[in-house]
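Student: Just dropping this structure here.
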Amino acid sequence: MPLHIDPASVLNDPRLTLMGVPGSPYTRKMLAVLRYRQIPYRLILASNVTGGEVEGLPAPKVSLLPTFFLRGTDGALEAVTDSTPLIRRFEHTHGGRSVIPADPALALVDALIEDYADEWLTKAMFHYRWSYAADIAKAGAVLPIWSRPPLSDDELARYSALISERQIARLRYVGSNEVTGPVIEASYERFLDAFEDHQRSHRFLLGARPGAGDFGVFGQLTQLAHFDPTCMAVTLARAPRTFGWTGSVDDLSGLQPQDTDWFDVTALPGTVTAILREIGRVYPTFMLANAKAVQSGAAQVETQIDGKPWVQQPFPYQAKCLGWLRRDHAALDAGAKRRFEAAIAGTGCEALF
């Protein structure tokens, strides 16, 4: 029987209400943000509002997790998705313990890292989960249990097949295939090496407090490091600090951040520059080629990433992501723009802007 929720009870609840599941990296990302920022919430364990799991709540335009149920401009309850703008929205509605650096130049570095995590590291997450037999078997067996009531063996087998077939079909949007798989895996391993080196001296990506970029990386690592067996083994072998970091970032409600905890964008540690170099090695080439394909109406994105061929179906949303990064860059004042451009100089990330 579906869980019935009265929309009025959501509107009158001082807590934020969201729907999501543990197997969704973006759900994990947002829950960790809410815990760190000490924003009260309630989580509805469900994967959508149209599949018989929940009734009474509005459906989002695109069914994505997590889905937040918030008061709209007309006073009615609306379903809102997309973690990046939601983080910025909550910065305005809930004060204190910000995940956005005060320096707009450093904030754009943080946004760049968050976008890389959300739109590139997620390729590794989907690739490992739905390309290897052991990972497919585990995901198929476990994911249905997180969003549904007790299931018989027959029901679990049916939902397992349904989820696996649907997600494997989505690999064409993510960009995981026989051509791109080696590029994805090599990039993930290099990112692990760079992030592991960073953690030898620093707790978070941009200082002693977490930014939105940390939570973006964390969301993907909840699956890459802690759930899917093939990449979990890779992560633990190459990056034990990163494996441990992922567990600790899940709940940072007890951290006491200070305004001085952010790095100075004009003196970033070399380990941050190394991470930016890895981002610049793969991400701009894909984003520019994808945007070109979307704009021209091409059937495929075809380019070379890290000297190897890359072919995938165009993804219009990621073209929008590129536009938003460029918008934020254009909005910087002259001084902030100089600081930001100096911070990413020589990393390859310049091509995005």
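The values are calculated or read from the model by the stated rules, or taken from the named source; none is laboratory data. All of these numbers come straight from a predicted model, not from anything done at the bench. Neighbour counts run over all protein chains shown; Cβ positions are idealised from the backbone, glycine included. The area values use the complete protein model at the heavy-atom level, side chains included, leaving out ligands, DNA and RNA. Shrake-Rupley method; radii C 1.70, N 1.55, O 1.52, S 1.80 Å.
Student: Starting from the Cα-Cα distance between residue 13 and residue 351, subtract it from 0.36 nm times their residue separation and give me the gain in nm to one decimal.
Tutor: Residue separation times 0.36 nm, minus the Cα-Cα distance, leaves 117.2 nm.
Student: About the Cα centre, and with charges only on the beta carbon of Lys, Arg (+1) and Asp, Glu (-1), how big is the dipole of the chain? Nearest 20 debye, please.
Tutor: 240 debye
Student: Within the stretch 1-96, report the trypsin sites (Lys or Arg not before Pro) that DSSP leaves as loop and that have at most 16 other Cβ atoms within 10 Å.
Tutor: Filter output for the stretch 1-96: 15, 61.
Student: Now for a different question. Once the convex hull of the C-alpha atoms of the stretch 117-220 is built, how many Å³ does it hold per residue, rounded to a whole number?
Tutor: Output value, Cα hull per residue: 125 Å³.
Student: I want the antiparallel fraction of DSSP beta bridges within the chain, as a percent rounded to 5.
Tutor: Around 65 percent of the beta bridges assigned by DSSP in the chain are antiparallel ones.
Student: Cα centroids of the stretch 204-260 and the stretch 1-70: how far apart, whole angstrom?
Tutor: 23 Å
Student: For a quick check of your reading of the filter: which trypsin sites (Lys or Arg not before Pro) in the stretch 247-333 sit in a DSSP loop and have no more than 11 other Cβ atoms within 10 Å? Don't jump to the answer; show the numbers that get you there.
Tutor: Numbers: sites: 277, 281, 292, 320, 326, 327; in loops: none.
Loop-located and lightly packed - none at all.
Student: Something else: If you take the square roots of the eigenvalues of the alpha-carbon gyration tensor of the stretch 261-353 and sort them as a ≥ b ≥ c, do you get rounded (a/c under 1.5), prolate (a/b over b/c) or oblate?
Tutor: Numbers: a/c = 3.07, a/b = 1.65, b/c = 1.85.
Oblate shape, in that a/c is at least 1.5 and b/c is the bigger or equal ratio.
Student: May I pose another question? What accessible area per residue, rounded to a whole number of Å², is obtained for the chain using a probe radius of 1.4 Å? Walk me through the numbers before you get to the answer.
Tutor: Numbers: 15110 Å² over 353 residues.
On a per-residue basis, 43 Å².
Student: How would you classify the stretch 1-159 from its alpha-carbon gyration tensor, with a ≥ b ≥ c the square roots of the eigenvalues: rounded for a/c under 1.5, else prolate if a/b is greater than b/c, otherwise oblate? Could you put the intermediate results ahead of the total?
Tutor: Values: a/c = 2.41, a/b = 1.19, b/c = 2.02.
Cα axes put the stretch 1-159 in the oblate bin.
Student: Take the chain, connect every pair of alpha-carbon atoms lying under 10 Å apart with a spring to form a Gaussian network, then pick out the residue of 303, 27, 122 with the largest mean-square fluctuation.
Tutor: Among 303, 27, 122, the largest GNM mean-square fluctuation belongs to 303.
Student: Highest GNM mean-square fluctuation, the chain, Cα pairs closer than 10 Å: which of 23, 175, 75?
Tutor: 75
Student: Please list 201, 152 from largest to smallest accessible area, probe radius 1.4 Å, with all protein chains kept in place.
Tutor: Ranking 201, 152 by accessible area, largest first, yields 201, 152.
Student: First check a/c for the stretch 206-282, with a ≥ b ≥ c the square roots of the eigenvalues of its C-alpha gyration tensor; if it is under 1.5, answer rounded, and if not, answer prolate when a/b is larger than b/c or oblate otherwise.
Tutor: Oblate shape, in that a/c is at least 1.5 and b/c is the bigger or equal ratio.
Student: Another one. Are there any helices in the chain, counted as whole DSSP H runs, that stretch 20 Å or more along their axis by Cα and score at least -0.5 on average by Kyte-Doolittle, and if so which? All intermediate terms of the calculation are to be shown ahead of the outcome.
Tutor: Details: long enough: 133-147 (23 Å, 0.99); 153-169 (24 Å, -0.44); 181-198 (26 Å, -0.42); 270-296 (39 Å, 0.41); 316-330 (21 Å, -0.91).
The answer, listed by residue number, is 133-147, 153-169, 181-198, 270-296.
Student: Here's a follow-up. The list (i) 21.1; (ii) 23.6; (iii) 20.4 gives values of Kirkwood radius over Cα pairs in Å, and only one came from this structure; which label was calculated from it?
Tutor: Among (i) 21.1; (ii) 23.6; (iii) 20.4, the one calculated here is (i).
Student: In square angstrom, rounded to the nearest 10, how much accessible surface does residue 333 have for a 1.4 Å probe?
Tutor: About 100 Å², ignoring ligands and nucleic acids.
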